[in-house]
Amino acid sequence: MKDNQSILITGGAGFIGSHVVRLFVEKYPDYNIFNLDALTYAGNLENLKDIESKSNYTFLKADITNSSLINELFETYKFDSVIHLAAESHVDRSILDPLAFVKTNVIGTMNLLNAFKNCWKDQYQGKRFYHISTDEVYGSLGHTGFFTETTAYDPNSPYSASKASSDHFVRAYGETYGMPYVISNCSNNYGPNQFPEKLIPLFINNIINNKSLPVYGDGNYTRDWLYVIDHAIAIDTIFHKGTNAETYNIGGFNEWKNIDLVKLLCHLMDKKLGRQVGTSEKLITFVKDRPGHDLRYAIDASKIKNQLGWIPSVTFEQGLEKTINWYLNNESWLESVTSGTYQDYYKKQYT
Ligand code: NAD
Ligand code: DAU
């Protein structure tokens, strides 16, 4: 790869994308980093305020479902590589509006693949298309076992079906057209700047505001949690050291049942907010289960650990502490993203 390459990062105004953009802009001053984002409800340029004036950073407002615009941008900027994160990413919203997920996650990915292919016309030396995916494509585990890179795809939600479909197209473009690609499938992320529709930031926001904590079903669902900056570091590692046409699973070696995680969060928040321990737990409310709710995700991340030397750098305790502190110190960010249409979504989802 060239020292001064142009990298297109899609979805860079979102949660994980903003951490990836910051890491690349700061760590690689000779790269030109282009952040392409449609700024949907989940995209927020406030997430990148600290780096927006850097000379190696450019923001492009564009929708990946617009194929002619995407082709034009490739013609103009000749991106050497793509790190593709833009997506509709929330399972509950995919149950309310599946087609929006097909449009962005499947058609949008196809548009990027086609633009990349048209731009380089089989001259792929030093180029790379890196597709960011999820462990949800593997479906649900029982109480034991782990997802490995060879686990068969078995998606259960419209979100995971759309991500699985996009993974297949990326792989197919590699096989059919010789496009150099790499894919990673990561477990649940948490950390600063996550939109408060996902479990951890939603519950932090509700605890701050003394609102009920809606635990789906009996709360005995298990997820493997990874601090977002460790995901960004894994993406940097795979982008630079991963082998073409390979998949890498990324996980936190950190499984939690939802109900245990929520109780821990309540305990830590009570201490931070100076409330009597036990206060926030009283907000827990068991609500109607998510349809098609996957029982358990757990990642075997030994391939990336053994082959590329990546392991998480923070413990869950450290990551959760940093996360809670960030939300408490950034209440205006929380307030701005939870006004307006957030309230409409909340009513639709929870009442
Ligand atoms: P997010 O919802 O916070 O951000 C998505 C970003 O994509 C937003 O900035 C949004 O504006 C942008 N976007 C959406 N539709 C677009 C379109 N049509 N054109 C251009 N931009 C568009 O998502 P996230 O949690 O940061 O996830 C990023 C990626 O990582 C996704 O591909 C997701 O599937 C994957 N992933 C997420 C997690 C997780 O726990 N959050 C775990 C594994 C993989
Ligand atoms: O596993 C990776 C995936 O993790 C990513 O691909 C997705 O983009 C990301 O959204 C996340 O999906 P989940 O569905 O696991 O995350 P979510 O935060 O929505 O839910 C986590 C668990 O908490 C899940 O078992 C559902 C439960 N839950 C969630 C919400 C929002 C509740 O019990 N109550 C809630 O209000």
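For the range 285-336, which residues satisfy the criterion of being assigned to a loop (DSSP other than H, G, I, E, B) and within 25 Å of residue 46 (Cβ to Cβ)?
314, 330
Within the range 1-22, take every residue that is over 20 Å from residue 333 (Cβ atoms) and outside any loop (DSSP other than H, G, I, E, B) and give me the one that is nearest to ligand 1 (Cβ to nearest atom). Reasoning before the result, please.
Filtering the range 1-22 down to residues over 20 Å from residue 333 (Cβ atoms) leaves 1-10.
Filter again for outside any loop (DSSP other than H, G, I, E, B), leaving 6-10.
On the way: 6: 18, 7: 16, 8: 11, 9: 10, 10: 6 Å.
Looking at the filtered set, the residue picked out is 10.
So that you can scan it fast, the table gives a plain yes or no per residue for (1) assigned to a helix (DSSP H, G or I); (2) surrounded by fewer than 16 Cβ atoms within 10 Å (Cβ to Cβ); (3) within 16 Å of ligand 2 (Cβ to nearest atom):
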{"residue": "59", "(1), (2), (3)": "no, no, no"}
{"residue": "65", "(1), (2), (3)": "no, no, no"}
{"residue": "74", "(1), (2), (3)": "yes, no, no"}
{"residue": "79", "(1), (2), (3)": "no, no, no"}
{"residue": "82", "(1), (2), (3)": "no, no, no"}
{"residue": "87", "(1), (2), (3)": "no, no, yes"}
{"residue": "94", "(1), (2), (3)": "yes, no, yes"}
{"residue": "100", "(1), (2), (3)": "yes, no, yes"}
Can you go through 175, 88 and tell me which one is more than 22 Å from the chain's Cα centre (by Cα) and either within 26 Å of residue 251 (Cα to Cα) or of a type in the set (Asp, Glu) (or both)? 175
Kindly list the number of the only condition in (1) more than 16 Å from ligand 2 (Cβ to nearest atom); (2) part of a loop (DSSP other than H, G, I, E, B); (3) open to solvent by 50 Å² or more (accessible area, probe 1.4 Å); (4) modelled with pLDDT of 95 or more that fails for residue 49. (2)
Select, from 322, 305, the only residue that is closer than 23 Å to residue 146 by Cα, at pLDDT 95 or above and among the charged types (D, E, K, R). 305
Across (1) surrounded by fewer than 18 Cβ atoms within 10 Å (Cβ to Cβ); (2) closer than 17 Å to residue 92 by Cα; (3) among the aliphatic types (A, V, I, L, M), residue 200 clears everything bar (1)
Taking the range 1-44, which residues are of a type in the set (S, T, N, Q) and either farther than 19 Å from residue 101 by Cβ or buried (at least 24 other Cβ atoms within 10 Å of the Cβ) (or both)? 4, 5, 6, 10, 18, 32, 35, 44
Taking the range 233-280 and keeping only residues that are among the hydrophobic types (A, V, I, L, M, F, W, C), touching a residue at least 12 places away in the same chain (Cβ under 8 Å) and not in a helix (DSSP H, G or I), one is left with 245, 250, 253, 256
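The values are calculated or read from the model by the stated rules, or taken from the named source; none is laboratory data. Because the structure is predicted, anything quoted here is derived from the model rather than measured. Heads up, the Cβs are rebuilt from the backbone with ideal geometry, glycines too, and the neighbour counts pull from every protein chain shown. Side chains included, ligands, DNA and RNA excluded: accessible areas come from the protein's heavy atoms. Shrake-Rupley method; radii C 1.70, N 1.55, O 1.52, S 1.80 Å.
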